[in-house]
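The values are calculated or read from the model by the stated rules, or taken from the named source; none is laboratory data. Note that the structure is predicted; figures quoted are calculated from it, not measured. A quick note on method: Cβ atoms are made from the backbone with ideal geometry, for glycine too, and the neighbour counts reach across all protein chains shown. SASA here: full protein model, heavy atoms, side chains in, ligands and nucleic acids out. Shrake-Rupley method; radii C 1.70, N 1.55, O 1.52, S 1.80 Å.
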Amino acid sequence: MSEEADMADTTQDAVSAPAEAGSGPDHPDQAQLAEKAATDAQEKIEAQALPIRAYLDQTVVPILLQGLSDLVKARPDDPVEYLAAYLMKHNPKNKK
């Protein structure tokens, strides 16, 4: 056998076979965490790319309007503190 043939055989042995379709992390929990991280990163990129008005309309305005509506019904002595507490309590990012 020639040197070139030996090198070709060695190179082929060193190359691993492609992963099977559907193969992934050994643990389903790792796959879920990786998928969530990728989704969160994509959402952050998309949110940063939005114009200011669209960003606020999608992220802040809905909960803010709900909070202001609740504030008007309750008419508390300290409306700013009431609204702040409402927003913290109903923050959709904190729900699991």
- Message: Return the residues of region 72-91 that are within 18 Å of P62 (Cα to Cα) and either of a type in the set (V, I, T) or not in a loop (DSSP other than H, G, I, E, B) (or both); say none if nothing qualifies.
- Response: V72, K73, V80, Y82, L83, A84, A85, Y86, L87, M88, K89
- Out of the residues in region 2-27 that are open to solvent by 100 Å² or more (accessible area, probe 1.4 Å) and outside any loop (DSSP other than H, G, I, E, B), state the one that is modelled with the highest pLDDT. E3
- Which of the residues spanning region 46-80 are of a type in the set (A, V, I, L, M), over 19 Å from the mean Cα position of the chain (by Cα) and either under 15 Å from N91 (Cβ atoms) or open to solvent by 100 Å² or more (accessible area, probe 1.4 Å) (or both)? I52, V61, I63, L64, L65, V80
- Message: So, in region 86-96, exactly how many residues are open to solvent by 60 Å² or more (accessible area, probe 1.4 Å) and of a type in the set (A, V, I, L, M)?
- Response: 1
- Is there any pair with a first residue in region 45-61 that is acidic (D, E) and a second that is outside any helix (DSSP H, G or I) whose Cβ atoms are under 9 Å apart and which are 6 or more apart or on different chains, and what are they? D57/L50
